[in-house]
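Engineer: There's a structure below that I have some questions on.
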Amino acid sequence: MKVCFCSPGIYHFFREDDPVMHGGAELQQYFIAQWLRNNGIPSAFITGDFGQPFIEEKEGFQIVKMAKGMRGGLLTETFLREIAGIEKAMRTVDADIYYQRGAGTLTGKVAYLCRRMRKPFVFGVSSDADCDIHISPYKRPGWYERRVFLKGLRQADLIIAQTEFQRGLLKNNFGNDSIVITNCYPVERKERKKESPPKVLWVGEIYRPLKRAEVFLQLAAALPDVNFIMVAGPEDPKPELYAEIRSRAERMSNVEFLGFVPCKKINHHFERASILVDTSAVSGFHNTFLQAWANENPVVSLEVDPDDIICRHGLGFHAKNFENLVYYTKKLVNDAEFREKMGQQAYEFVSKHLDVNIIGPKYREIFKTVYKNPASLA
C-alpha cells in the first residue's frame, strides 16, 4: 500500500530556511507520512511548482510537483490545464490511496481524478472553517470554489475530522459522515531547561487577521513585568501589517520579537518558554498546542479549546475574554509550582494520547480499510 499526500505547500517544509510559514495542515501530513514511512508503508507528496525538478527524493519520500497555475481560474481552458497537471503528477506517483487536507478547489479536483483513476480518496479537515464554508470569514469562498469543494467532499471515500465538534458541523452543514482522529506530535522525552524568569510565547502568522497578533501585544502591555516572546511571520503577503506589528513589539521592553523562524528550528523557543498564549479567533486543533504540551508548557487560549480538551484535562486555561487572558497568564507566571505541575500534566497527556506513535497506527488501519473497501468504487 502506497499513500500519497496532495499538499501544495508542503514543499516549503523540505527547503531549509525557506521564508514561508508552514501551516498546520502541512505539518500534520508530514508527521503522518513520516510515521508511515518508518513503519514500512511508502509515502509520497504531490506539491506545488516552486521551480524544483518534476520528481525528487527527499527524506525517503517521493515528491512530485503539479503544474503551475493549479490554484484557480474560472475559464474552462485553465481548469482543464490544472486537471491535466494534477493528473500527470498523480499518475507518476501511482499511489494506492490519495489524501488531501483542507477545504478548497483542490479537494474537488483530486476527488474527481481519484474517481477517474479508480483510486480511493481521503479528505482531512484542517480547520473548523472547513466544516462551515458558507459563512466562514476565514475562507470566504465564491460559488465556484464552494461548488468544486463540496463536490469533492461528496466523492470522498472517507472524511477525517480533528474533533467531535467538527464531525457535528460536517453532518449538520453538509450531511457528511466522518471519523475523528486528533492531530499528533512526535513527543521526545528529555530534560528541558526553562529560562528564568519565565517566558510567555506566541507563535503565528501576522498576515492572518484571525490570529490576532495585536491582542498578544495588548497582553504584554497589560503585564509590563512579564517577559514575552513573539515568533511571527512571514512578511508577505501583508508587509505593511507585519511592519506595524514588528514596530509596536520592538518598542516594548518586555517583548522579544523574533519574526519568522523556520518550522524545523522553532522547537527551541518552545523549550525555553514556560507558557504558550494563543489569541486565535477560530481554528481546529492547533499544532502549537501539541508542541507546547510536548515541551511542558501550559496553554492559555483566548478562544480555542478543541472539544474542551484544555479544560477537561487541565492542560492550561480557556480564557474566553481578555480580562481572563491577563489573569490566567499572570497566575501561571507568578506560581512556579502550579505552572510546573500543569506543564508536567500536559506533557503526560500528549505523550499518552497525542504522540505520533499513538495516532500513526490509527491512520495505518484507516488507510488499509479504505484501500480494501473503497466506498466510491463499490
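The values are calculated or read from the model by the stated rules, or taken from the named source; none is laboratory data. What you are looking at is a predicted structure, and each value in this text was computed from that prediction instead of being measured. No Cβ is skipped: glycine too gets one built from the backbone with ideal geometry, and neighbour counts run over all protein chains shown. Accessible surface areas use protein heavy atoms only, side chains included; no ligands, DNA or RNA. Shrake-Rupley method; radii C 1.70, N 1.55, O 1.52, S 1.80 Å.
Engineer: Accessible area of ILE41, 1.4 Å probe, to the nearest 10 Å²?
Structural biologist: Surface accessible to solvent at ILE41 totals approximately 10 Å².
Engineer: Please give every one of the aspartates and glutamates within straight-line cross-link reach of LYS352, meaning a C-alpha to C-alpha distance under 13 Å, and leave out same-chain neighbours fewer than 8 residues apart.
Structural biologist: Excluding near neighbours in sequence, the set is GLU188.
Engineer: I'm spelling it out carefully: the read-out is Rg and Dmax of the Cα atoms in Å, the candidates are (i) 24.2, 76; (ii) 21.4, 75; (iii) 20.8, 64, and one was derived from this structure. Which label?
Structural biologist: (iii)
Engineer: Evaluate the relative contact order of the range 286-371 (contact order divided by residue number), counting alpha-carbon pairs under 8 angstrom at least 6 apart; express in whole percent.
Structural biologist: For the range 286-371, the relative contact order is 32 percent.
Engineer: Do the alpha carbons of any pairs in LYS119/LYS362; LYS171/LYS362; LYS58/LYS368; LYS2/LYS190; LYS88/LYS264; LYS151/LYS238 sit beyond 29 Å of each other, and which pairs?
Structural biologist: Violating the 29 Å limit, Cα to Cα: LYS2/LYS190; LYS88/LYS264; LYS151/LYS238.
Engineer: Related question: By how many nm would the segment from ASN321 to SER253 grow when fully extended, if each residue of separation counts as 0.36 nm and the alpha-carbon distance is taken off?
Structural biologist: Full-extension gain reported as 22.0 nm.
Engineer: Once the Cβ-Cβ distance between GLU59 and ASP225 is put in as r, and R0 is 35 Å, what FRET efficiency do you end up with, to the nearest 0.05?
Structural biologist: 0.20
Engineer: Okay, next question. Identify the chymotrypsin sites (Phe, Trp or Tyr not before Pro) of the range 218-316 meeting these criteria: DSSP loop state and at most 12 other C-beta atoms within 10 Å of the C-beta.
Structural biologist: Listed in order of number, the matching sites amount to none.
Engineer: Under the classification rounded if a/c is under 1.5, otherwise prolate if a/b is larger than b/c and oblate if not, where does the range 183-234 fall, given a ≥ b ≥ c as square roots of the Cα gyration tensor eigenvalues?
Structural biologist: Here the range 183-234 falls in the oblate category.
Engineer: Putting +1 on Lys and Arg Cβ atoms and -1 on Asp and Glu Cβ atoms, find which of ASN287, PHE228, GLY316 reaches farthest to the positive end of the dipole of the chain.
Structural biologist: ASN287
Engineer: Percent relative contact order of the range 220-260, based on C-alpha pairs within less than 8 angstrom and at least six residues apart?
Structural biologist: 53 percent
Engineer: For the chain, what does the relative contact order come out to in percent, with C-alpha contacts under 8 Å and a separation of six or more?
Structural biologist: 16 percent
Engineer: If you fit an axis through the alpha-carbon atoms of helix 213-222 and take the longest principal axis of the Cα set of the chain, what angle between them do you get, 0 to 90°, nearest 10?
Structural biologist: For 213-222 against the chain, the angle is about 10 degrees.
Engineer: Near LYS331, which aspartates and glutamates are there with a Cα under 18 Å away, not counting those fewer than 8 places off in the same chain?
Structural biologist: List returned: GLU195, ASP225, ASP278, GLU296, GLU323, GLU340.
Engineer: Please give the per residue accessible area of the chain, computed with a probe of 1.4 Å over protein heavy atoms only, in Å².
Structural biologist: 44 Å²
Engineer: Please express the Cα-Cα pair-distance distribution P(r) of the range 256-316 as a list of whole percents, one per 10 Å bin, running from 0 to the bin with the greatest distance.
Structural biologist: 21, 53, 24, 2
Engineer: Angle between the Cα long axis of helix 76-93 and the longest principal axis of the chain, 0 to 90 degrees, nearest 10?
Structural biologist: Orientation of helix 76-93: about 90 degrees from the principal axis.
Engineer: Take the chain, mark every one of the GluC sites (Glu not before Pro) that falls in a DSSP loop and has at most 15 other Cβ within 10 Å, then report the longest stretch left between them, sites excluded.
Structural biologist: Between exposed loop sites, the widest span is 196-378.
Engineer: Let me ask something else about it. What share of Cα pairs, in percent, lie more than 15 angstrom apart in the range 156-248?
Structural biologist: 73 percent
Engineer: Separate question: What FRET efficiency would be calculated for the residue pair ASP49, GLU240, taking the C-beta separation as r and a Förster radius of 35 Å, to the nearest 0.05?
Structural biologist: Given R0 = 35 Å and the Cβ-Cβ separation, E is 0.80.
Engineer: Separate question: So what does HIS269 come to for accessible area, using a 1.4 Å probe and Å² rounded to 10?
Structural biologist: The accessible area comes out at roughly 30 Å².
Engineer: So, one more: Please give the helix 239-250 orientation as an angle from the longest Cα principal axis of the chain, in degrees from 0 to 90, rounded to the nearest 10.
Structural biologist: So the inclination is approximately 20 degrees.
Engineer: Hey, what number do you get for the chain at 222 nm if only DSSP H runs of n ≥ 4 count, each worth -39500 (n - 2.57), divided across all residues, to the nearest 500?
Structural biologist: Mean residue ellipticity at 222 nm (helix-derived): -12500 deg cm²/dmol.
Engineer: Name the trypsin sites (Lys or Arg not before Pro) in the range 219-281 that are in a loop by DSSP and that have at most 15 other C-beta atoms within 10 Å, would you?
Structural biologist: ARG251
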